[in-house]
Amino acid sequence: MNMNIIKNLCIRPDVDIGHAMKVMDEEGKAIALVIDGDDRLIGIITDSEVRRAILNGVSLDCLVKSIMNTNFIFITKNYTQTLVRNIFEQKRIKQLPVLDDHMKVMDLIMYHEINNKPSKENYAVIMAGGLGTRLRPLTNEIPKPMLKLGAKPILETIIEQLKSYGYTNIVLCLNYKGYMIENYFQDGSSLGVNIKYVKEEKRLGTAGAIRLAEKYLDKSFFVVNGDILTKLNFEQFLNYHQKHENLITIGTRKYEIQVPYGVIELKEKEETVTGLLEKPSLDVFISGGMYCLEPETLECIPKDAYCDITDLINVSLNKKRKIGSFLITEYWMDIGQMQDYDQAKLDYTNLFLKHKIMQKNQSQQAPK
């Protein structure tokens, strides 16, 4: 790996967790390397540590040293490819630091770089039929998923993210100006993917549109809103869903709500005030617009009738089916309003486009 990237991944133990997450997102490696004053590796932070910390209520302002993994796995410079593959398979890790005799990082080996997996059979259903009313006048002439981030549509970036994890079977659910999407992507071969289309003759809601794609969905599948910019690890998402044997797994995001008033705390069933919080911040978990589902969910969706994903989830809960939650710790942006789109354009340049340029420069270097 390019040493400039490795340097960018290195942080000190006294920085906060939020900074570590930013480093992980910017370089797209899902790891931060914690080094001491002598540049020796003393710990690592991956998505797993961050996700565990957030679920346990740890603040992002807490220091990295409070959650870093100090019992990390590494190898020294005299390694073989067989050893590396065995470690990845046996230890179920995604990143492997290479250290010198002084515990300084010489290289970082990524699992996906040495394991070129074939395309997976699971489909991803992308909801691309929305009207995009909150983004007018931009969406008066083109559908929201076709708005540009850099030089390409939002939808193309979503498809590329799925493809990077081996998910090349795509179903696009179309409605508003769907012909523009179909004309642009066609069968997907130019992107190295296989695209099928389903078209709503009338608005059916998120789940209703999924039912139209029923003939393709005989295995676990994704549902992704067509206006989401994210660096979610889709492979981890699906693995989590299947490991926990969920009918539906909701990709969730931690969200902070600032209450604009003083909040009164009352003793239960009494009018006695026990406290006053001045404009507190509340942490809630929101739906990230991304889901993993089993084919059995299709039985709960009425044919040719309006049904949102929330309706499907509530019906499944009423039937006592298992619904899970997967915390999204990677970069995530719902492009629902104009200010979101403006921010997404900036983030795309910094987090997606810059990373691709660095990858290109790295690939042009002479091999070691």
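The values are calculated or read from the model by the stated rules, or taken from the named source; none is laboratory data. Predicted model, so just to flag it, every value in this text is computed and none were measured. Cβ sites come from the backbone with ideal geometry, for glycine too, and all protein chains shown count toward neighbours.
Looking only at the stretch 202-218, which residues are more than 25 Å from the chain's Cα centre (by Cα) and over 10 Å from Cys173 (Cβ atoms)?
Of everything in the stretch 202-218, those that are more than 25 Å from the chain's Cα centre (by Cα) and over 10 Å from Cys173 (Cβ atoms) turn out to be Lys202, Arg203, Lys215.
List pairs: first in the stretch 134-148 and assigned by TED's automatic domain parsing to the domain that holds Gln186 and among the polar types (S, T, N, Q), second surrounded by 15 or more Cβ atoms within 10 Å (Cβ to Cβ) and modelled with pLDDT under 90, Cβ under 6 Å, 6+ apart or cross-chain?
Thr139/Gly132
Would you say Glu89 is over 24 Å from Trp332 (Cβ atoms), within 25 Å of the chain's Cα centre (by Cα) and either surrounded by 16 or more Cβ atoms within 10 Å (Cβ to Cβ) or not assigned by TED's automatic domain parsing to the domain that holds Glu330 (or both)?
Taking the combined requirement at face value, the residue satisfies it.
Exactly one condition in (1) farther than 19 Å from Met338 by Cα; (2) out of contact with any Gly (no Cβ under 9 Å at 6 or more places or on another chain) is false for Lys148; which is it?
For Lys148, the exception is condition (1).
Do the conditions hold for Leu60, that is, is it in a loop (DSSP other than H, G, I, E, B) and touching a Phe, Trp or Tyr at 6+ places or on another chain (Cβ under 6 Å)?
Judged against the criteria, Leu60 is not a match.
Identify, please: which residue in the stretch 43-56 is surrounded by fewer than 19 Cβ atoms within 10 Å (Cβ to Cβ) and touching a residue at least 40 places away in the same chain (Cβ under 8 Å) and is, among those, farthest from Lys91 (Cα to Cα)?
The residue in question is Leu55.
Take the residues of the stretch 142-165 that are assigned to a loop (DSSP other than H, G, I, E, B) and modelled with pLDDT under 85: which is nearest to Asn233 (Cα to Cα)?
By that ranking, first place goes to Gly150.
Conditions tested, residue by residue: (1) modelled with pLDDT of 85 or more; (2) outside the structural domain of Asn56 (by TED's automatic domain parsing); (3) part of a loop (DSSP other than H, G, I, E, B).
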| position | (1), (2), (3) |
| --- | --- |
| Phe237 | yes, yes, no |
| Thr252 | yes, yes, no |
| Ile264 | no, yes, no |
| Glu271 | no, yes, yes |
| Leu282 | no, yes, no |
| Met290 | yes, yes, no |
| Glu296 | yes, yes, no |
| Lys303 | no, yes, yes |
| Cys307 | yes, yes, yes |
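Would you mention how many residues in the stretch 203-223 are in contact (Cβ under 8 Å) with a residue 12 or more places away in the chain and either surrounded by fewer than 17 Cβ atoms within 10 Å (Cβ to Cβ) or not hydrophobic (A, V, I, L, M, F, W, C) (or both)?
10
Assess whether Lys243 counts as being without any contact (Cβ under 8 Å) to a residue 24 or more places away in the chain and within 21 Å of the chain's Cα centre (by Cα).
yes
Take the residues of the stretch 313-340 that are touching a Leu at 6+ places or on another chain (Cβ under 7 Å) and assigned to a helix (DSSP H, G or I): which is surrounded by the most Cβ atoms within 10 Å (Cβ to Cβ)?
Ser316
So, Tyr176, is that one assigned by TED's automatic domain parsing to the domain that holds Glu299, of a type in the set (Phe, Trp, Tyr), surrounded by 18 or more Cβ atoms within 10 Å (Cβ to Cβ) and not in a strand (DSSP E or B) or not?
Spelling it out, Tyr176 is indeed assigned by TED's automatic domain parsing to the domain that holds Glu299, of a type in the set (Phe, Trp, Tyr), surrounded by 18 or more Cβ atoms within 10 Å (Cβ to Cβ) and not in a strand (DSSP E or B).
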